[in-house]
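Note sheet for the following structure.
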């Protein structure tokens with residue numbers, strides 16, 4: 001099983017939405033049971049809280065599934081997950097600060113590394129925006145998640161059929 005962790009700041013907007021979009025894309029690609037994902041935040045602001053209501057509005061709009069409570073990223077996540085995908089450069093820096101000295105960062109990515117339409121490296125944080133900001137993030141994640149799955153299929157021998 002390939003395990004992927006999506007990480008943003010508070011784990012109530014971008015990363016849980018990425019988890020839902022990714023899991024749906026995995027299912028549509030026929031890779032259920034081979035790839036699993038979760039999400040976390042680099043801060044402790046929303047531990048135990050459900051995703052933002054506007055995130056859930058997008059999840060329901062696109063008929064995605066998401067059952068998640070906010071949790072904080074910890075150093076033990078490096079051992080639990082094969083890939084860690086940060087939503088922006090600030091969170092990427094926070095993740096890398098916890099990386100053990102004997103571990104490579106080659107399996108840590110930015111989400112928009114997989115967005116061929118990206119004009120910036122960051123997935124914008126929609127927390128302070130209206131519903132259109134959450135829709136924009138959804139569209140970015142939809143493109144990026146599918147491209148990330150394509151990357152995994154190309155680079156992981158255990159996903160070849």
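Quick note: the coordinates plus some simple rules give every number you see, no bench work behind them. From a predicted model like this one, the values you see are computed outputs, not experimental measurements. When we count neighbours, we look across all protein chains shown, and the Cβ atoms used for this are built from the backbone with ideal geometry, even at glycine.
Before moving on, here are some points about what is shown:
- Each residue in 46, 116, 68 was given a count of other beta-carbon atoms within 10 angstrom of its own, and listing them fewest first yields 116, 46, 68.
- Per-residue Cβ neighbour rank within 10 angstrom, fewest leading, 36, 150: 150, 36
- Counted by neighbouring Cβ atoms within 10 Å, the residues 111, 1, 56 run from fewest to most as 1, 56, 111.
- Once the chain from residue 101 to residue 60 is taken as fully extended at 0.36 nm per residue, the excess over their C-alpha distance is 10.6 nm.
- Cα gyration tensor shape for the chain, rounded if a/c is under 1.5, else prolate or oblate: rounded
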